[in-house]
1. Can you tell me which residue within the stretch 127-141, out of those that are more than 17 Å from V197 (Cβ to Cβ) and within 14 Å of the chain's Cα centre (by Cα), is most open to solvent (accessible area, probe 1.4 Å)?
2. Would you mind listing the helices (runs of 4 or more DSSP H) fully within the stretch 129-231 where at least 3 residues are touching a His at 6+ places or on another chain (Cβ under 7 Å)?
3. Somewhere in the stretch 115-132, is a residue farther than 25 Å from P318 by Cα and of a type in the set (D, E, K, R)?
4. In this structure, does P147 turn out to be more than 22 Å from F249 (Cβ to Cβ) and at pLDDT 95 or above?
5. Just checking, how many residues over the stretch 268-299 are modelled with pLDDT under 95 and within 19 Å of S95 (Cα to Cα)?
6. Could you list, in sequence order, all residues of the stretch 91-134 that are farther than 26 Å from Q206 by Cβ, among the acidic types (D, E), in contact (Cβ under 8 Å) with a residue 24 or more places away in the chain and out of contact with any Asp or Glu (no Cβ under 6 Å at 6 or more places or on another chain)?
7. Go through G156, G165 for me and flag whichever is surrounded by fewer than 19 Cβ atoms within 10 Å (Cβ to Cβ), more than 30 Å from M111 (Cβ to Cβ) and at pLDDT below 95.
8. Consider G91 carefully, then state whether it is more than 15 Å from the chain's Cα centre (by Cα), over 28 Å from A275 (Cα atoms) and either open to solvent by 60 Å² or more (accessible area, probe 1.4 Å) or at pLDDT below 95 (or both).
Amino acid sequence: MKCIKNRKRLLKPIQKKYRDTLILTGILILFFGVGITALVLLRRSSQLDMTSAYSVKEEMYGTHGAEISTQKADSFASSYAVSSGNMSLEGVAISDTTKAGLFDLDHGSVMFAQNIHEKSYPASITKIMTAILAFKHGNMDDIVTIPAEALNQESGSTEIGFQEGDQVTLDELLHGLLIYSGNDAAVAIAQHIGGSVDQFVEMMNQEALELGATNTHFANPSGLQDENHYTTVYDIYLMLQEAMTYPHFLEIAQLSSYNLTCNRGEQEVTFHLDATDQYLTRQVTAPKNVTVLGGKTGTTSDAGSCLALLSQNAYGEPYISIVLHAANKTNLYTYMNQLLSAINQ
């Protein structure tokens, strides 16, 4: 017993010395590890053309709190890409009057840029911002009463077919907004979220500034033609990145069709809605090994044919591609396929 007690006394200083050595070693490892990490990050930041880090994945699973049920977009993670001028890309030849951009989200880089900071009419791509504010300030199970102001907005306006007084959930309205591009849905959402269309438009412009979309000004929630309603390819890229942080946006944006229901008095009314995106309806085929996750179309006589897309290549790497002011839909999808063909090179 005496030998054991003496052994314990001898071990105490040895254990203390060993413990001190471990602590010192840990401090050195931490110091050099931080230094090496800083050097790697500094070197990487010098190679990429981007602004301050902004993780889309962190926003998806952090700020807005829910997982994406489809799991198709769980690789979206990037920093905002920056480009001050045009950037060409082999195999991409787009009309000089068209604005277009291709953005690699994983690397925070611009792969193609043509007039991406020039102001352009966005048509119904505007509805990306309308949706952002609905997700940000509304509840999907809110009951919205369709106002008279939402109906018969102008000749040729795309509308779902609501009547004044119809009652529909905000979730159903968002499906009508993003899939079918209903202008009546846009106005109903605006009045519900903003209290009035004018107040909602103020919210849209404030949100644009907060996102850094400084070349954008909205005049309505739908994208109907107005000289004071404009944006740029780059600003749409910023807005689409923000929309991606709401999992339900991606769930809706990839649907090829939807049956929307509302209550009209004691009667339930159903509207069958087909997507306006011809990739989703299979009228146009994307290049091999490209998966189109969805996005938003827009068309008016002044805006031309427009499309903003979220896509993944064969390796699941995410991209945003945007074309504004194409002369017609044939040109629009031809240009878009040129951009999409580049994401697997």
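1. Only one residue tops the list, namely K136.
2. Counting at least 3 such residues, we get no helices (runs of 4 or more DSSP H) at all.
3. Yes, the conditions are met somewhere in the stretch 115-132.
4. Considered against the rule, which asks whether it is more than 22 Å from F249 (Cβ to Cβ) and at pLDDT 95 or above, P147 comes out as yes.
5. So the answer is 0.
6. Selection gives D104 alone.
7. When all the criteria are applied, what remains is G156.
8. It is true that G91 is more than 15 Å from the chain's Cα centre (by Cα), over 28 Å from A275 (Cα atoms) and either open to solvent by 60 Å² or more (accessible area, probe 1.4 Å) or at pLDDT below 95 (or both).
The values are calculated or read from the model by the stated rules, or taken from the named source; none is laboratory data. Since the model is a prediction, treat every value here as computed from it, not as a measurement. We place every Cβ from the backbone using ideal geometry, glycine too, and count neighbours over all the protein chains shown. Ligands, DNA and RNA are stripped out before the accessible areas are found, and what is left, the full protein with its side chains, is counted by its heavy atoms. Shrake-Rupley method; radii C 1.70, N 1.55, O 1.52, S 1.80 Å.
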